[in-house]
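Undergrad: Can you keep this structure in mind? I'll have questions shortly.
The values are calculated or read from the model by the stated rules, or taken from the named source; none is laboratory data. Keep in mind it's a predicted model, so treat the numbers as computed, not measured. Positions of Cβ are generated from backbone atoms using ideal geometry, with glycine treated the same way; all protein chains shown enter the neighbour counts.
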Amino acid sequence: TGGMLSVAEEYLNELNPEARLEVFGQELNAESYAICKSDLLIKGQNASNIKKGNSISEDQLSDQKFDYLITNPPFGVKWEKVSKKVKLEHEQLGHGGRFGAGLPSVGDGSFLFLMHLMSKMKPEGSRLALVFNGSPLFSGSPSKSKNESSIRQWIIENDLLEAVIALPNQ
């Protein structure tokens, strides 16, 4: 619904009232998409920056890079419906695409969202915050190639992780 975007925008404006902020997003759920666009219209933002569709299989902001990225992707969502497109991008583009670090199991697409957002980071530096459940920290087997473990390894080796903050239940 754009709630995280609105709160982040308000917070950044408090820190620097002179900052020129422009928010972007993509949402699959039609109702959440409509609420987000309406909220942005009311706040004077450019509502056309919010796109409708599946971020993983139909990235509508593919040519965009951002200073700050924030998301709360769905937990435990299977990605088998879009596996053909994801695997094709992984095989054809490798690290030139979004999923070069590897492909997680089809049982949980959390890592796909992480790699999707990491691809939108600017080379000179961006800040990215994601809300995950615990599964991306521990899933996958080190013996398999190009799975969750290899994705975590790639993130660490490329110095892309600043912190993991575990919150208590509820």
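Undergrad: Any residue at all in segment 125-133 that's at pLDDT below 85 and either of a type in the set (Phe, Trp, Tyr) or assigned to a loop (DSSP other than H, G, I, E, B) (or both)?
TA: Looking through segment 125-133, at least one residue is at pLDDT below 85 and either of a type in the set (Phe, Trp, Tyr) or assigned to a loop (DSSP other than H, G, I, E, B) (or both).
Undergrad: For the list (1) within 29 Å of Gly107 (Cβ to Cβ); (2) acidic (Asp, Glu); (3) touching a residue at least 60 places away in the same chain (Cβ under 8 Å), I need the number of the one condition that Asp67 fails.
TA: (1)
Undergrad: For segment 25-69, name all the residues that are in contact with a Leu (Cβ under 8 Å, 6 or more places away or on another chain), within 21 Å of Val7 (Cα to Cα) and of a type in the set (Val, Ile, Thr).
TA: Once the filter is applied, which keeps residues that are in contact with a Leu (Cβ under 8 Å, 6 or more places away or on another chain), within 21 Å of Val7 (Cα to Cα) and of a type in the set (Val, Ile, Thr), segment 25-69 yields only Ile50.
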